[in-house]
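So the structure is just underneath, and the comments pick up after that.
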Amino acid sequence: MIAQRTKLQKLIFPAWVAFLGILIVTGLAAGMIVLAKGLVVTNLSDLVPWGLWITLDLSSIALSAGAFTLSAAVYLLGLKHLQPVGRTAVFIGLIGYSMAVMMLLMDIGP
């Protein structure tokens, strides 16, 4: 049974990494197009550019704030049994704030 699981994992893992790679390349290409051509590509205008960008920006900031609050509670209160969750929360917070900065760069443009 264990040998079958490892064979399945050996087949699924490269496919999953390839799928994530395709998503990353697609996202980078879309970001470059938005930076090059502006908000016209997103079907937003300069009159109302806030809808999509502000929603994504605020949701990533809220995710990061929750993650950093959880990690602060773990590390400041010394909850040793929750340290794996605290490490993951720090990483999620870093990713969330990085996403917020990238959304602001896309909104501002060149």
Among the residues of segment 77-94, the number that are surrounded by 13 or more Cβ atoms within 10 Å (Cβ to Cβ) and under 30 Å from THR42 (Cβ atoms) is 3
Name the one entry in LEU56, LEU82 that is assigned to a helix (DSSP H, G or I), within 14 Å of the chain's Cα centre (by Cα) and at pLDDT below 90.
LEU56
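The values are calculated or read from the model by the stated rules, or taken from the named source; none is laboratory data. What you are looking at is a predicted structure, and each value in this text was computed from that prediction instead of being measured. So basically every Cβ, Gly included, is an ideal-geometry build from the backbone, and we count neighbours across all protein chains shown.
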